[in-house]
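Written below as structure tokens is the structure these notes are about.
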Amino acid sequence: MLPGIIVVAFQVLLWLDGGPSAPVLVSELLVWGVLPIASRLFGVTLTPSAAIVHNLGRRTIPWSSVQAIQIESLFGSRTVVIYEAGGRRTRLRAPISAFLNRDRSFEEKFHTIGRWWLDHRGPDWAPVPPPGAQWGGPPVSNENPYAPPA
């Protein structure tokens, strides 16, 4: 919402300087009306068999194919990332915690997702080496290959 607030502030300054008022009203409607509703469309639904990720589309990730769930930082915001056995990583749009949009319960939400994975991945789950490690890639240590670098 921060970029929208900056745009509205800029348009209000233009309006105060004698510019048209219609863009200000449209921008305010978008920032205060549409964006909060649209932001609720993003996130993750946890079911006993999978994590259903709601980004621009909807994707189901079975717990049995998840290899790791981590927190990653990107441009000052912290997000939850799901690593799958095939090497795909899915960055969740929610929960997210950023400098100007700090989520005090972010860690709790991250641990909830991780706990669901650990509780529902099934008794047959086994860690899979990262892609490329099986066919002449760099040697894989006995440690978690999906762990962040030390």
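The values are calculated or read from the model by the stated rules, or taken from the named source; none is laboratory data. The structure presented is a predicted model; accordingly, all values stated were derived computationally and were not measured. Glycine gets a Cβ as well: all are built from the backbone with ideal geometry, and neighbour counts include every protein chain shown. The protein model used for the area step is the full one, side chains on, heavy atoms only, and it has no ligands, DNA or RNA in it. Shrake-Rupley method; radii C 1.70, N 1.55, O 1.52, S 1.80 Å.
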Task: Sequence of 81, 128 when ordered by accessible area, the most exposed leading, probe 1.4 angstrom - done: 128, 81
TODO: Would you calculate the separation in nanometres between label points at residue 125 and residue 70, each defined as 7 Å from the Cα along the Cα-to-beta-carbon direction?
DONE: 1.7 nm
Task: Gained length - residue 115 relative to residue 58, 0.36 nm times residue gap less alpha-carbon distance - done: 18.3 nm
Task: Stretch gain in nm, segment residue 16-residue 89, where the contour uses 0.36 nm per residue and the Cα spacing is subtracted - done: 21.6 nm
TODO: Evaluate the distance, in nm, between pseudo-label points positioned 7 Å from the Cα of residue 46 and of residue 81 along their respective Cα→Cβ axes.
DONE: 2.1 nm
- [ ] Rounded to whole Hz and in sequence order, give me ³J(HN,Hα) for region 51-62 from the Karplus expression 6.51 cos²θ - 1.76 cosθ + 1.60, θ = phi - 60°, writing x for Gly and Pro.
- [x] 9, 9, 8, 10, 10, 5, x, 10, 9, 9, 10, x
